[in-house]
1. Beta carbons within 10 angstrom, averaged per residue: use that to sort the peptides 56-62, 10-16, highest first.
2. Can you give the convex hull volume per residue for the Cα atoms of the stretch 176-334, as a whole number of Å³?
3. Which of the DSSP-defined H helices in the chain satisfy a minimum axial length of 27 Å, computed from C-alpha atoms, and a minimum mean Kyte-Doolittle hydropathy of -1.0?
4. For the stretch 184-272, which GluC sites (Glu not before Pro) are both in a DSSP coil and crowded by at most 16 other Cβ atoms within 10 Å?
5. From the gyration tensor of the Cα coordinates in the chain, what semi-axes in whole Å does the equivalent ellipsoid have, largest first, with each one equal to sqrt(5λ)?
6. Using only the alpha carbons, work out the radius of gyration and Dmax of the stretch 107-265 in angstrom.
7. Note down the net charge around Thr215, summing +1 for each Lys or Arg and -1 for each Asp or Glu among other residues with Cβ under 15 Å from its Cβ.
8. Please give me the summed charge of the neighbours of Ala140: other residues whose Cβ is under 13 Å from its Cβ, Lys and Arg +1, Asp and Glu -1.
Amino acid sequence: LSAPLNAPRGTQDVLGEEAIARAALEQRARKLLESCGYERIETPAFEATELFARGVGESTDVVQKQMYSFQDGGGRSLTLRPEGTAPICRAYLEHGMSRRPQPVKLWYLSSFFRYERAQAGRYRQFWQVGAEAIGSDDPAVDAELILLLAELLDELAVSDSRLRISSLGTHATRAAYRERLTAHLRAHEQELSSDVRERIELNPLRAFDSDHAGTRAAMASAPKLLDALDDVDREHFAGVRTLLDDAGLAYDVDHTLVRGLDYYTRTVFEYESPALGAQRGVGGGGRYDGLIAQLGGPETPGCGWAAGVERLLLAGDAPPLAPPPVDLFIGYGDPARERAAFGLARDARRAGLNAQLELAGRSLKGQLKHADRLGAQILALLEDEGTAIRDMHSGEQVSVVDEAALAEILRRRR
Ligand code: AMP
């Protein structure tokens with residue numbers, strides 16, 4: 001016999017308390033986001049590989065190293081979605097959502113796939129809750145989204161989180177800035193770490209992320225993107241900040257904040273939690289005004305964020321929502337009563353009770369224990385003389401002979 005198989009590295013089974021905690025998170029996220037007009041969206045688990053190559057950017061780690069891509073039976077190149085924004089923008093275009101009142105506000109809770117080094121808080125299949133608002137470049141959209149994520153963190157009792165924000169400007173500003181930064185990096189090539197040096201052309205902004213001492217020293221005198229913004233973008237960023245200030249939300253402006261995906265323009269932000277250790281990013285996002293055009297649509301602004309469900313649960317301390325109580329457990333001594341018990345369970349459920357019945361042929365004693373373990377309020381025991389109803393809390397027992405009396409008791413219990 002061969003050895004039993006385990007779940008693939010970087011994946012997990014979600015069960016027991018973890019499943020209950022996730023359901024509670026979903027419930028809290030839905031309540032918050034839908035109260036602000038965000039509609040649920042589901043997109044396919046896989047998309048054309050080209051969507052991510054074009055949307056997320058050829059030079060990003062995600063596209064270069066982390067995609068689960070495969071050919072299907074028809075020879076198409078498909079990729080398990082590594083992120084949610086590009087698919088949602090595709091759906092926005094595909095379904096003509098630009099004809100709806102703008103911005104179109106959408107939210108999701110789905111799983112994503114990245115081939116990354118698995119470690120605590122980093123998985124190869126992980127879940128994200130996310131929100132996108134497409135079709136308006138008003139700074140209030142950015143501020144609303146940033147505040148919504150703050151509220152979600154609050155709801156989930158993620159304390160001590162730190163918010164960093166910045167603005168990347170437009171793609172044009174960034175391109176010009178990139179040249180200046182590249183020139184600066186070239187002038188300091190000898191001081192840089194080898195991986196930063198190798199990526200000068202590909203992704204010079206990443207140099208700000210480095211922990212390498214020489215690189216950090218060289219970056220201290222590097223030109224800053226925030227200083228290079230044009231007037232319109234500077235004003236846009238100021239507009240976002242004013243609204244955050246009005247709301248009393250604390251944040252740090254961090255000109256080195258870069259995000260892993262290419263589509264960002266203008267506002268970017270990230271929430272970190274010190275409770276998380278090395279993988280401390282709980283959630284982040286920003287504006288992506290060029291993405292829809294990049295995907296072949298008309299110029300359409302957009303903004304959004306995603307937060308990792310596993311990390312939210314790790315960093316958060318929200319009490320789990322109580323599982324639904326078991327109103328009624330139906331047991332029986334004689335196996336011949338199983339049919340009657342089955343029928344009674346159906347009746348009780350139709351009447352709106354959470355009912356369960358004995359399904360494993362336990363002894364009467366075993367059934368009592370099981371009803372107790374489930375936390376059942378009432379035990380109904382089908383016996384030859386009729387049905388005995390026992391209040392599991394008081395231990396009080398009433399014998400019932402006919403169905404009508406039983407129905408009456410169940411009704412009173414509701
Ligand atoms: P990103 O899409 O990279 O901006 O990620 C947004 C959020 O998703 C991060 O802040 C994390 O909370 C979460 N996340 C990203 N990658 C992973 C991963 N491999 N495993 C678990 N969570 C992740």
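1. Put in order of decreasing packing, that is 56-62, 10-16.
2. Values: hull volume 40.3 nm³, N = 159.
Normalising the Cα hull of the stretch 176-334 by residue number yields 253 Å³.
3. Result, helices passing both filters: 16-35.
4. In loop regions of the stretch 184-272 (DSSP not H, G, I, E or B), the sparsely surrounded GluC sites (Glu not before Pro) are Glu201.
5. Values: eigenvalues 590, 108, 87 Å².
Each semi-axis is √(5λ); the values are 54, 23, 21 Å.
6. 17.7, 48
7. Residues close to Thr215 contribute a combined charge of -1.
8. Computed value for this residue: -2.
The values are calculated or read from the model by the stated rules, or taken from the named source; none is laboratory data. Predicted model only: the values in this text are computed from it and were never measured. No Cβ is skipped: glycine too gets one built from the backbone with ideal geometry, and neighbour counts run over all protein chains shown. With ligands, DNA and RNA removed, areas are computed over all heavy atoms of the protein, side chains included. Shrake-Rupley method; radii C 1.70, N 1.55, O 1.52, S 1.80 Å.
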